Each structure stands twice: as C-alpha cells, then as structure tokens.
Amino acid sequence: MSWKKFSKSLNFVKKGSIFSQSAFYFCSLGHFTQNSTPEILLLSYDEKLSIFNSEGKSLSKFPFSSDVSALFLKDIYDKGDNVFVSFSYSGEIRVFSKDGSEIWKKTLPSGIVNGIVGNLDYDPGLEIVVLLEDHRIFVLNNQGQVMAKYQHPTDILFVDIGKINSTQKKVIVFVDQNNSVNVLDIEASVQKIPVDIPVITGFTTLSLYDQTLLAVGDNSNTIHILDKKGNTFETYRCRAPIQSLSAGPLFSPDIDALVVLTENNHMEIINIEVKDPKAYIEADKKPVVAASAFPKEKHSAKLDLNTDLYQKTPSIQSRGKRESKFEVEKSSTHSSALNLRCPECGDYLAKTLIARILSNKDAYCEECGKDLKRSDFQF
C-alpha cells in the first residue's frame, strides 16, 4: 500500500468512554459471551475484572487479584472453547476455564510484566508470549512447554504479534526502553522498524483488510498509525496521556478498532473507518513501498529454541550481495517443497505465491512489490 497516497484515508469515530474511580491498568479483547464480536476485558487497581461490550456497556464484574499483570480470553486449543490465560507479577502463568477450573499453571524464573496470546507457528493452536522483568521474552505452547527464549539487552515495554514479513507467518513485535520498535522472528533474527517517535507510551498491532499496521502512542497524547516500514499516514489525538493501546474487530471483521487506556482513569473505544474501502483494498493487492524501509542488516537473536516443540521452517540466511537469481533449497518443483526468496528484498515467499510463479501467473512480492516471474528463479 502506498502510504503517501492513503494519507488521511481513515476516520476515527469515538464510540464510547468509560471512567473508573480505580484506574484500569490492563485491557484485552476476548469472547466472553456468544456474540460474534469480542468483548473488552479490563483489570483495575481495586482488584476487579470488568467486562464491557463494544459500545462500552458493562456486562459483568468479578473480583480479581491485582497480582495479575495481564489477562486474555482465547481459544488456545482451537476447539471452539475460549479459556482464560493470566500472567502474574510473581511469574505465574495460569490457564483456566470460564467457571474457574484450572487447566494448567507454570511458574517462570522472573516476574511477568506483560504478554500476548496468538499464533506464531503453523499449527492451529495458539502460542503464549510473555515478557519477563529481566528483559527476556519466553514463548510457550498451549500445554505450557517453553518453545523459545530471547534475551534483550534493555527493558521491554510493550509486546504484540503481527504479520510483518511477507510470509504468512506472524512474528513478535516489541518496543524497548530506547523507544525502538523491534521485530523478533524466533526462527531467525531481530530487526528494527525505523520509527521517529521519541517517547512511546502505548503500542499495538492493527489489522485493516488483512494488512498489519502499527498503532503507536506518544507523550503528546497522539496515536500514530504507521505502516510496516515505520511511515506515519494517520494520527489521532487523545484528550489525556496514553497509558496503553489494544486492538481488535469490535465493529467489523475486516477492520480493527482501538481501545485506549488513559491516565485520567478513562477507557476510550475508537472505531476506525476507511473512507474509500475499494481503493484501499485494490491498493493492497500490489503495494508500493516507500523509500524508508527496514535496515538491510539484521542481527541474530540471542535465542534458545526448542526445535522439538517449535515447527520450524528454514531460517533466513544472511542476504549478503543481491543476486539476480536465488537458489531453490529443495530439488522438487512442487510448490509445497520449495522455499523461494524474493530476488529483490530476499524475503521468503508464501506457498500460495510460489504456486502462482510455477503456474506462470501474475505474482509480486508482498514485502517490496517486485513483479516475480518463473525465469527469476533456478529450478
């Protein structure tokens, strides 16, 4: 998508604002009822879990320990039944049903300050990503087994999951105390997104028509909507300092809404509308990448990866000098057996894209927009 062309292409509609005498400190979205749209889960300092619908109407309130740093309600087993996943400042992960029955728990070596639940590999079950006090990120499967560990040199403030690279796989995106936005592919490397925001106060990934954007809050009460290259093409001003950001499909399955916690004890629900959806979707089919892109050099992540638990694909190798053709890593020409990289940017190509290339159909790299032909590759 051309970020310049679509500057000022979004409308921000405030759908609700909720005040709490005891401030909210955590927010997530999950399906508590049978509604097709998720509900908003809020933890507050008076040791309560409050659940609201997308319009800001209160649905339920329960006593809840203030030792819980984060809470999610997700179908982690892909069985059509949502369960609670909680993280605690004392370092405990608990998975339990809606009636409170414990499924499993695990204690990690350090307190958990934040985290996210989502799909990082290629099986339908979800992974659990936790952010520890000692600058580490742990990735666990839905049985509580540690799949990967990453040690960062400085404090990490925010963490989320999004489809940032050109493959179909999602990766971890996090913000550290230096206000750097980083992409962690636990199979390969860490990579920075150049974001020109001096002080980041909130962060989340945002989905619009299956395209991942970044929502970044700053200390001037402004939310910046960025593309995956770090280019800002929309902003929204809040009335109070931003404490945290969350996103999810509250009003449309194709466009995420924003939920903002502010320091004046308020929660704001903001619906995002695309002014010209048809033009937006058509532009996404063949992106025009701005000059500002990821730094070409990546550095290896300090990873401890349990290959028996993680469903690996080939790691991205050092790109080095660009060549006109890239070697295919397996001899078969069946698309499911090939691992191709774009000859322009070097990113691995999705299997559906490889199938189009093999069939001599129109194809382009989702990362850099390069037209791809069968003759570009050696088989």
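Take Leu71 and tell me if it is within 18 Å of the chain's Cα centre (by Cα) and not acidic (Asp, Glu).
Numbers: within 18 Å of the chain's Cα centre (by Cα): yes; not acidic (Asp, Glu): yes.
When the stated conditions are applied, Leu71 passes them.
Does segment 208-225 hold any residues that are open to solvent by less than 40 Å² (accessible area, probe 1.4 Å) and either modelled with pLDDT under 95 or within 19 Å of Lys163 (Cβ to Cβ) (or both), and which are they?
Leu208, Thr212, Leu213, Leu214, Ala215, Val216, Ile225 - these are the residues of segment 208-225 that are open to solvent by less than 40 Å² (accessible area, probe 1.4 Å) and either modelled with pLDDT under 95 or within 19 Å of Lys163 (Cβ to Cβ) (or both).
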For residues in segment 167-191 being modelled with pLDDT of 90 or more and open to solvent by 10 Å² or more (accessible area, probe 1.4 Å), which is nearest to the chain's Cα centre (by Cα)?
Ser180
Does at least one position in segment 351-359 carry a residue that is modelled with pLDDT of 70 or more and in contact with a Lys or Arg (Cβ under 6 Å, 6 or more places away or on another chain)?
yes
How many residues, within segment 200-228, are outside any strand (DSSP E or B) and either under 20 Å from Val13 (Cβ atoms) or not basic (Lys, Arg) (or both)?
6
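Quick check on this structure: which one of Ile172, Ile197, Ile164 is touching an Asp or Glu at 6+ places or on another chain (Cβ under 8 Å), within 29 Å of Cys365 (Cβ to Cβ), in a loop (DSSP other than H, G, I, E, B) and not small (Gly, Ala, Ser)?
Numbers: Ile172 fails: in a loop (DSSP other than H, G, I, E, B); Ile164 fails: touching an Asp or Glu at 6+ places or on another chain (Cβ under 8 Å).
Exactly one residue qualifies, and that residue is Ile197.
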So which residues in segment 94-152 are acidic (Asp, Glu), closer than 23 Å to Ser246 by Cα and open to solvent by 50 Å² or more (accessible area, probe 1.4 Å)?
Glu133
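The values are calculated or read from the model by the stated rules, or taken from the named source; none is laboratory data. Every value quoted in this text rests on a predicted model; they were computed, and no experiment measured them. Don't worry about glycine lacking a Cβ; one is built from the backbone with ideal geometry, like all the others, and counts go over all protein chains shown. Accessible surface is based on the protein model in full, side chains and every heavy atom, while ligands, DNA and RNA are left aside. Shrake-Rupley method; radii C 1.70, N 1.55, O 1.52, S 1.80 Å.
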